[in-house]
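Accompanying notes for the structure given below.
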Amino acid sequence: MKAAQAKKAPARRRWLGGAAALVAAGLAPALAAAAAPKGNAAVTGGAADKAGASPAARNAGVAADGVWVQAALPQARQTDLRSRHTGQHYRIFISIPDMPAPAAGHPVIYALDGNASFPSLALMARTVARRSKVTGRTAPVVVGIGYASGEDYDGVARSRDYTPPSAKATDKEGGADRFLDFIEQELKPQIAALAKIDMQRQALFGHSYGGLFTLHALFTRPAAFQTFIAASPSIWWGERFILSEQAGLAVRAAAATRKPQLLLTVGELEQAVAPGKQLSERSAMLMEKRMVDAARDLAADLQKQTAAAASAEQGIANSSGPAKDGNAPAGAAKAVLSRVRFLALAGEDHGSALFPALSRGLEFFLE
């Protein structure tokens, strides 16, 4: 069975990566063409758009037989924002479910590297919406945080924004705190003005350096989101500096009104040579970074802490009974996280692991 799965995995990976790349490459230009003006321009989406749009606007992109026009991604809008915290321009994408918001509001997922990740994630969210009556899951608002350069991955910008402040950082790195300030103080209020958001169901997704940033956000500001999805996180960065930030998580998480949850994913081929391939210089470099081992070890450590705290809390509750105010007894250990899950994605390498991580991350968030 495993041999059959391994044989199918490369073909599936090529198809998945190619399909997602076509989505991003084909739809991103169309989104750019339909962008709102730069600055703090309004960004809209969902049922409100249909109600207010003219027939011509609703039929934009429709052409005579044989005439090619730019494709557009339904229920999607974008705008460019300049951050007062970082001084940088960001391209923000949003997709709002085309249905009334639940009483508590829509869940929302913020995805880093939005130029590349948003088109696929937005389509996944629309699938959730179509099947919501069957699954009982609530479709989320999807927010892609990209860069105004328009590149799928802006290497210089993401190195600056996604890496933690550390003595190991160069002068072009270490801006994660300023970037997190931008998300918390500038971006989130704008999103809340566009759609009714459930502030207790917010998720952050990041891949590679974005996964590193996601861990930084969890370890330093665990109340910022309730779900953290770190895909192929660059734990190796700065001589594994991110692991030093883990020490303060327990204290910071204790102040959160809802304990956050974490999904850690990594492609199984990020630390191995694909079947039939020879060891290359790049493969050797990836093995040295121990992408799979580092993610698995971190997940195991956090799972152990969470299980130990939950066990201690349950033991104290059983021996002393609940407090009169309904809270846990004094001295009870506090669970660091509500749950931690680790997934090694079969047949995926560092690049291809992004797309199944988006799918599994969305599923984890909405469970």
What residue, of A272, A255, is touching a residue at least 24 places away in the same chain (Cβ under 8 Å), among the hydrophobic types (A, V, I, L, M, F, W, C) and either surrounded by fewer than 17 Cβ atoms within 10 Å (Cβ to Cβ) or touching a His at 6+ places or on another chain (Cβ under 8 Å) (or both)? A255
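For segment 208-227, check the following and say yes or no: at least one residue is open to solvent by 20 Å² or more (accessible area, probe 1.4 Å), assigned to a helix (DSSP H, G or I), closer than 17 Å to G361 by Cα and touching an Asp or Glu at 6+ places or on another chain (Cβ under 8 Å).
No, segment 208-227 contains no residue that is open to solvent by 20 Å² or more (accessible area, probe 1.4 Å), assigned to a helix (DSSP H, G or I), closer than 17 Å to G361 by Cα and touching an Asp or Glu at 6+ places or on another chain (Cβ under 8 Å).
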So which residues in segment 74-87 are open to solvent by 10 Å² or more (accessible area, probe 1.4 Å) and either of a type in the set (S, T, Y) or at pLDDT below 95 (or both), if there are any at all? P74, Q75, T86
Single match in K188, K172 (criterion: among the charged types (D, E, K, R), at negative phi and assigned to a loop (DSSP other than H, G, I, E, B)): K172
Say we look at segment 100-136 and pick out the residues that are in a loop (DSSP other than H, G, I, E, B) and not basic (K, R); which of these is surrounded by the most Cβ atoms within 10 Å (Cβ to Cβ)? D113
Under 6 Å between Cβ atoms, at least 6 apart or on separate chains: pull out the pairs that start in segment 281-308 with a residue that is over 21 Å from Q261 (Cβ atoms) and end on any residue that is open to solvent by 50 Å² or more (accessible area, probe 1.4 Å) and not in a helix (DSSP H, G or I). K289/W236
Report, by residue number, each residue of segment 344-367 that is under 17 Å from A295 (Cβ atoms), in a helix (DSSP H, G or I) and either open to solvent by 10 Å² or more (accessible area, probe 1.4 Å) or charged (D, E, K, R) (or both). P356, R360
Breaking point among (1) within 22 Å of W237 (Cα to Cα); (2) open to solvent by less than 30 Å² (accessible area, probe 1.4 Å); (3) touching a residue at least 24 places away in the same chain (Cβ under 8 Å); (4) part of a loop (DSSP other than H, G, I, E, B), for A139: (1)
Working carefully through the options D161, D198, D181, D152, find the one that is part of a helix (DSSP H, G or I), touching a residue at least 60 places away in the same chain (Cβ under 8 Å) and either open to solvent by less than 30 Å² (accessible area, probe 1.4 Å) or closer than 27 Å to E348 by Cβ (or both). D161
So is S83 in contact with a strand residue (DSSP E or B) (Cβ under 6 Å, 6 or more places away or on another chain) and polar (S, T, N, Q) or not? no
Restricting attention to segment 247-265, does a residue exist that is hydrophobic (A, V, I, L, M, F, W, C), closer than 23 Å to D177 by Cβ, in a helix (DSSP H, G or I) and in contact with a Pro (Cβ under 8 Å, 6 or more places away or on another chain)? yes
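The values are calculated or read from the model by the stated rules, or taken from the named source; none is laboratory data. Predicted, not measured: the structure shown is a model, and the values here were computed from it. A quick note on method: Cβ atoms are made from the backbone with ideal geometry, for glycine too, and the neighbour counts reach across all protein chains shown. Just so you know, the surface numbers come from the protein's heavy atoms only, side chains and all, with ligands and any DNA or RNA stripped out. Shrake-Rupley method; radii C 1.70, N 1.55, O 1.52, S 1.80 Å.
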